[in-house]
Amino acid sequence: MVSAVLPLPGESGHDPRPVADSLDRVSRSLGGPPATVLARLFSSWTELVGEAVAAHARPRALRRGVLVLVVDEPAWATQLRWLEARLLERVGEVAGEGVVTAIEVRVERP
């Protein structure tokens, strides 16, 4: 008689996993931080930069430490580049120190 040992939950590789774990794995494979960090950063954007800036600039991506922002006018791109050090400080408060190391600003008119 052959005795079978049943795997414990989580050992078979076929057990359900939290969606957050899968999102984290995908985000990291694309060079990003954990998905929870992205969600926190993107959802708190208006509180981070204020309503006036948020009306003209929004985060587009975060890869390998570079936060890509999209603005609707070249003047806003200039303003955000000038404020980069302050933005990095504020973003670090939400995303964690060192998660965002640089900011890239792109102009995309609506």
Karplus-derived 3J(HN,Hα) from phi for segment 48-58 (6.51 cos²θ - 1.76 cosθ + 1.60, θ = phi - 60°), whole Hz, x at Gly and Pro, runs 5, 10, x, 5, 5, 6, 4, 5, 10, 9, 9
Please figure out what share of the DSSP beta bridges in segment 56-110 is antiparallel and state it in percent, rounded to the nearest 5. 50
Report, by chain and number, residues whose modeled amide H sits under 5 Å from the one on Arg63, excluding near sequence neighbours (fewer than 5 apart, same chain). Val68
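Pull out a ≥ b ≥ c, the square roots of the eigenvalues of the alpha-carbon gyration tensor of segment 56-110, then state rounded if a/c is under 1.5, prolate if not and a/b is larger than b/c, and oblate in the remaining case.
On the way: a/c = 2.42, a/b = 1.68, b/c = 1.44.
Prolate shape, in that a/c is at least 1.5 and a/b is the bigger ratio.
Read-outs throughout are calculated quantities, based only on the coordinates presented, and are distinct from any laboratory measurement. For clarity, every value in this text was computed on a predicted model and none was experimentally measured.
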